[in-house]
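A.B. asks: Take this structure first; my questions come after.
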Amino acid sequence: MKLAFMLQINIIRQDIDSVKERLKIKNFQHIELVDRVVSLDDERKTLQFESETLQASVNTQSKSIGQFIAKGLKEEAEQAKKIVAANKSRIGELQQRLSETEAQLHQELVKLPNLPSTKVPAGTSPEDNIVEREGGIKPNLPQGALPHWDLIKKYDIIDFETGAKITGSGFPLYKGQGARLQRALVQYFLNYNIAAGYTEYLPPFMVNESSAYGTGQLPDKEGQMYYMPADNFYLIPTSEVPVTNIYRDEIIKEESLPVKMTAYSPCFRREAGSFGKDVRGLNRVHQFEKVEIVQLTHPEKSYDALEEMVNHVERLLGTLQLPYRILKLCGGDMSFTSALTYDFEVYSAAQQRWLEVSSVSNFEAYQANRAKIRYKDGNGKNQLLHTLNGSSLALPRIVACLLENNQQTDHILLPGVLHGYFGSDRIV
RNA sequence: GGUGAGGUGGAUGAGUGGCUGAAAUCAACAGUUUGCUAAACUGUCGUACGGGUUAAACUGUACCGCGGGUUCGAAUCCCGCCCUCACCGCCA
């Protein structure tokens with residue numbers, strides 16, 4: 001971690017003004033951090049230079065002490081020891097200040113979010129997102145159509161009340177056909193990703209602090225993750241965290257790129273402070289199932305990979321026959337770590353609103369810098385690669401839409417691709 | 001949870017206080033040889049942060065799991081922690 005942040009400061013120093021400009025596009029509120037970070041880095045360099053120069057002379061002296069002793073020149077040895085002792089106390093002070101400065105620099109640096117790509121539109125709220133395209137057909141629901149929170153009761157497939165009894169609100173208890181539908185969707189999504197060349201992983205569902213820093217959840221999302229103090233572990237908010245960290249501190253052969261990985265995991269999110277119909281039913285829960293795709297790519301190929309991933313998710317949504325739209329997020333709505341993000345939303349016909357079901361992002365070198373994920377280039381130099389990820393897909397809102405959009409008077413029809421996995425063409 | 005062994009460069013693996021940023025072997029890369037492949041031979045071959053340079057060259061410091069300590073000097077000695085492996089206990 002100590003080494004990695006050094007790389008980022010050099011990128012900032014190359015063009016301080018443009019860094020500030022791009023942070024403004026991201027609606028970042030503390031632009032002054034950039035200047036602070038640069039001046040801390042100046043201080044660091046000065047201290048380091050002075051301390052290392054002194055250390056070099058100490059090292060030379062120490063060698064000569066060894067030689068004096070070997071030749072039996074006691075007087076000279078004692079003399080040299082005195083000089084060394086004087087220098088060492090000075091080095092001690094410098095080192096002290098240096099490590100304080102480094103700690104401050106690191107502390108400030110990790111507060112800086114990723115820079116948005118030049119393709120990102122300015123904006124501060126979801127209204128400023130740009131609709132790239134829409135697909136699928138919105139259904140005309142019959143009179144008396146029910147929202148999913150009523151449908152799940154009607155068919156007895158998800159029990160929020162008992163989930164709340166067992167754990168708390170936002171922890172759904174899936175039952176019978178509801179549980180089976182979860183399993184069917186996970187299976188289908190994984191197989192779909194594997195067919196596109198992704199390697200399947202089943203990762204740990206808790207991560208340590210280094211992993212959480214590596215992908216940028218810390219320090220930004222501290223408090224949004226469930227934390228286990230006894231072991232200093234975090235429950236994962238997405239399998240992006242463990243999966244990307246598979247390659248933390250690794251150097252990958254260039255010819256092995258891109259690395260394509262997929263994983264199912266439950267996701268745990270505290271999501272404090274929301275209420276009302278935004279969080280009703282499956283719209284927002286503390287634990288949910290998700291299948292994720294992650295790519296590690298050559299820096300020059302990452303935007304091609306992003307497009308490929310967007311198309312991949314779009315086709316997947318198409319097979320579910322749900323009406324969807326793709327948004328390019330504006331600077332202010334993007335995550336801390338992202339350089340460019342496309343959100344996928346499906347249309348929830350009974351609620352008559354769009355629900356986010358996937359978010360596909362290019363992090364460029366931001367995560368790679370933190371997690372020290374590199375490849376060796378043609379000149380034998382280690383270079384940061386680019387990381388990307390996306391949901392394919394998050395289950396709850398998909399389920400909400402499947403239920404609402406396909407409801408009939410006494411059953412719910414499922415799309416054809418799920419029949420085999422679910423073992424039936426309908427929920428009854 | 002208990003006991004024991006161990007963590008050294010891409011890999012294997014030497015190294016118990018200065019001549020060790022680290023032997024040797026393998027892998028990798030470059031070259032020579034070779035009809036091709038193979039083999040043989042020669043050379044290169046860790047990382048990070050500084051100084052220096054148009055860029056190099058060159059040069060300083062640190063790093064042998066992590067963090068402290070002893071010493072003029074630590075991979076090597078001491079303390080704490082983490083991890084891995086083995087066996088035992090418990091257990092899905």
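A.B. asks: State which residue is least open to solvent (accessible area, probe 1.4 Å) when the search covers only region A:322-354 and only residues that are under 20 Å from the mean Cα position of the chain (by Cα) and without any contact (Cβ under 8 Å) to a residue 24 or more places away in the chain.
C.D. replies: Here the answer is A:THR341.
A.B. asks: When A:LEU190 is evaluated against the numbered criteria (1) surrounded by fewer than 16 Cβ atoms within 10 Å (Cβ to Cβ); (2) modelled with pLDDT of 95 or more, which criterion, by number, is the only one it fails?
C.D. replies: Tallying (1) surrounded by fewer than 16 Cβ atoms within 10 Å (Cβ to Cβ); (2) modelled with pLDDT of 95 or more, A:LEU190 fails exactly one: (1).
A.B. asks: If you check every pair at least six apart or on different chains, which have Cβ atoms under 6 Å apart with a residue in region A:27-50 that is without any contact (Cβ under 8 Å) to a residue 24 or more places away in the chain first and a residue that is surrounded by 15 or more Cβ atoms within 10 Å (Cβ to Cβ) and of a type outside the set (Asp, Glu) second?
C.D. replies: Going by the 6 Å Cβ cut-off, the qualifying pairs are A:ILE31/A:LYS20; A:ILE31/A:LEU23.
A.B. asks: Let me spell it out: the conditions are (1) of a type in the set (S, T, N, Q); (2) closer than 30 Å to A:VAL313 by Cα; (3) open to solvent by less than 20 Å² (accessible area, probe 1.4 Å); (4) at pLDDT below 95, and A:GLN182 meets all of them except one. Which number is the exception?
C.D. replies: Answer for A:GLN182: the failing condition is (4).
A.B. asks: Restricting to region A:202-220, name every residue that is open to solvent by 70 Å² or more (accessible area, probe 1.4 Å) and either within 19 Å of A:VAL399 (Cβ to Cβ) or outside any loop (DSSP other than H, G, I, E, B) (or both).
C.D. replies: Once the filter is applied, which keeps residues that are open to solvent by 70 Å² or more (accessible area, probe 1.4 Å) and either within 19 Å of A:VAL399 (Cβ to Cβ) or outside any loop (DSSP other than H, G, I, E, B) (or both), region A:202-220 yields A:MET206, A:GLU209.
A.B. asks: Say whether the condition of being more than 30 Å from A:GLY214 (Cα to Cα), assigned by TED's automatic domain parsing to the domain that holds A:PHE336 and aliphatic (A, V, I, L, M) is met by at least one residue in region A:109-130.
C.D. replies: Within region A:109-130, not a single residue is more than 30 Å from A:GLY214 (Cα to Cα), assigned by TED's automatic domain parsing to the domain that holds A:PHE336 and aliphatic (A, V, I, L, M).
A.B. asks: Take the residues in region A:148-179 that are part of a loop (DSSP other than H, G, I, E, B) and in contact with a Lys or Arg (Cβ under 8 Å, 6 or more places away or on another chain), then tell me which one is modelled with the lowest pLDDT.
C.D. replies: Here the answer is A:GLY170.
A.B. asks: Filter region A:228-242 down to the residues that are at pLDDT below 90 and polar (S, T, N, Q) and list them by number.
C.D. replies: A:ASN232
A.B. asks: Say whether the condition of being assigned to a helix (DSSP H, G or I), modelled with pLDDT under 95, surrounded by fewer than 19 Cβ atoms within 10 Å (Cβ to Cβ) and of a type outside the set (D, E, K, R) is met by at least one residue in region A:25-33.
C.D. replies: Among the residues of region A:25-33, at least one is assigned to a helix (DSSP H, G or I), modelled with pLDDT under 95, surrounded by fewer than 19 Cβ atoms within 10 Å (Cβ to Cβ) and of a type outside the set (D, E, K, R), which makes the answer yes.
A.B. asks: Turning to a different aspect of this structure: Pull up region A:375-401, narrow it to residues that are part of a loop (DSSP other than H, G, I, E, B) and on the phi < 0 side of the Ramachandran plot, then point me to the one that is nearest to RNA strand B (Cβ to nearest atom).
C.D. replies: A:LYS381
To keep it simple, each residue is scored yes or no on (1) within 16 Å of RNA strand B (Cβ to nearest atom); (2) in the same structural domain as A:PRO266 (by TED's automatic domain parsing); (3) open to solvent by 30 Å² or more (accessible area, probe 1.4 Å); (4) closer than 30 Å to A:ARG248 by Cα.
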site	(1), (2), (3), (4)
A:GLU364	no, yes, yes, yes
A:GLN367	no, yes, no, yes
A:ILE373	yes, yes, no, yes
A:LEU414	no, yes, no, no
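A.B. asks: Filter region A:99-128 for residues that are away from RNA strand B (no atom under 16 Å from the Cβ) and over 18 Å from A:LEU306 (Cα atoms) and give the result.
C.D. replies: Across region A:99-128, the qualifying residues are A:GLN107, A:LYS111, A:LEU112, A:PRO113, A:ALA122, A:GLY123, A:THR124, A:SER125, A:PRO126, A:GLU127, A:ASP128.
A.B. asks: A follow-up question, please. Select from region A:255-266 the residues that are open to solvent by 10 Å² or more (accessible area, probe 1.4 Å) and either polar (S, T, N, Q) or within 11 Å of RNA strand B (Cβ to nearest atom) (or both) and write down the one among them that is farthest from A:GLN217 (Cα to Cα).
C.D. replies: A:GLU255
A.B. asks: Looking at A:LEU340, A:LEU327, A:LEU316, A:LEU355 in this structure, which one is of a type outside the set (Ser, Thr, Tyr) and touching a Pro at 6+ places or on another chain (Cβ under 8 Å)?
C.D. replies: A:LEU340
A.B. asks: Taking region A:117-174 only, how many residues are basic (Lys, Arg) and free of Cβ contacts under 8 Å to residues at least 60 places away in the same chain?
C.D. replies: Count: 3.
A.B. asks: How many residues are under 28 Å from the mean Cα position of the chain (by Cα), of a type in the set (Ser, Thr, Tyr) and surrounded by fewer than 16 Cβ atoms within 10 Å (Cβ to Cβ) if we restrict to region A:149-179?
C.D. replies: Number satisfying all stated conditions: 2.
A.B. asks: In this structure, does A:VAL19 turn out to be at pLDDT below 95 and surrounded by 18 or more Cβ atoms within 10 Å (Cβ to Cβ)?
C.D. replies: For A:VAL19, the condition - at pLDDT below 95 and surrounded by 18 or more Cβ atoms within 10 Å (Cβ to Cβ) - is met.
A.B. asks: Does region A:306-334 hold any residues that are under 25 Å from A:SER117 (Cα atoms) and of a type in the set (Val, Ile, Thr), and which are they?
C.D. replies: A:VAL310, A:VAL313, A:ILE326
A.B. asks: What are the residues in region A:54-94 that are more than 9 Å from RNA strand B (Cβ to nearest atom), open to solvent by 50 Å² or more (accessible area, probe 1.4 Å) and in contact (Cβ under 8 Å) with a residue 24 or more places away in the chain, if any?
C.D. replies: Across region A:54-94, the qualifying residue is only A:ARG90.
The values are calculated or read from the model by the stated rules, or taken from the named source; none is laboratory data. Model, not experiment: these values are computed from the prediction. Using ideal geometry, Cβ is built from the backbone for each residue, glycine included, and neighbour counts are taken over all protein chains shown. The protein model used for the area step is the full one, side chains on, heavy atoms only, and it has no ligands, DNA or RNA in it. Shrake-Rupley method; radii C 1.70, N 1.55, O 1.52, S 1.80 Å.
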